[in-house]
Amino acid sequence: QVQLVESGGGLVQAGGSLRLSCAASGRTFSRYAVGWFRQAPGKEREVVTTIRWSAGSTYYADSVKGRFTISRDNGKNTVYLQMNSLKPEDTAVYYCAARSGSSWYSNPFQYDYWGQGTQVTVSS
């Protein structure tokens, strides 16, 4: 079992930055693939970015490429999402998710463990 807790959300103006953290406890987190997803009101949950357990491979949705960066510190059992040049359309609840496996996974149904989410609001 893995428990995930997100933090770092908040209100920011367009063009600003936020860094989200996903702290994990439980099993050996370093062997888990991790993804960040987001869900805006009335929309389906969508992938933002994912990272393999070895941190050697990442995936980014086209909408965030060049603006968001995922990283992980396995020693701290934490995955980060650095979000720069934020836009109002980035407004959503952001969730981190984890699953065992050596690849990266972009479908939310592929993940077994989820955090409670953190709200990100970008004002224009």
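Its residue count N fixes a reference of 2.2 N^0.38 Å for the stretch 1-78, and the Cα radius of gyration divided by that reference is 1.15.
Taking every protein chain into account, the accessible area of the chain amounts to 50 square angstrom per residue (probe 1.4 Å).
Accessible-area rank, largest first, for ASP62, ASP90, ASP73: ASP62, ASP73, ASP90, with all protein chains present and a 1.4 angstrom probe.
Highest mobility in the GNM of the chain, judged by mean-square fluctuation with C-alpha springs under 10 Å and restricted to GLY42, GLY26, GLY101, is found for GLY42. When both bridge partners sit in the chain, DSSP labels roughly 90% of those beta bridges antiparallel.
Heavy-atom accessible area for GLU89, with the other protein chains in place and a 1.4 Å probe, reaches approximately 130 Å².
Taking every alpha-carbon pair under 8 Å whose residues sit at least 6 apart, the stretch 32-77 reaches a relative contact order of 28 percent. Are there trypsin sites (Lys or Arg not before Pro) in the stretch 1-46 that DSSP marks as loop and that have at most 10 other Cβ atoms within 10 Å, and which are they? Sites meeting the loop and neighbour criteria: LYS43.
For the chain, modelled as a GNM whose springs connect Cα atoms under 10 angstrom apart, the maximal fluctuation among ALA33, ALA98, ALA14 occurs at ALA14. Cross-link partners of LYS87 among lysines, defined as those whose alpha carbon lies under 19 angstrom from its own and excluding same-chain residues fewer than eight positions apart: LYS43, LYS65. If R0 equals 35 Å, the separation of the Cβ atoms of ARG31 and ASN84 corresponds to a calculated FRET efficiency of about 0.75. Between SER100 and LYS65, the FRET efficiency from the beta-carbon distance, with R0 = 25 Å, is close to 0.40.
Applying 0.36 nm per residue to the separation of ASP73 and PHE109 and subtracting their alpha-carbon distance, the gain on full extension is 10.5 nm.
The values are calculated or read from the model by the stated rules, or taken from the named source; none is laboratory data. None of the values given here were measured: they were computed from a predicted structure. Reconstructed Cβ throughout: ideal geometry from the backbone, glycine too, with neighbour counts over all protein chains shown. Just so you know, the surface numbers come from the protein's heavy atoms only, side chains and all, with ligands and any DNA or RNA stripped out. Shrake-Rupley method; radii C 1.70, N 1.55, O 1.52, S 1.80 Å.
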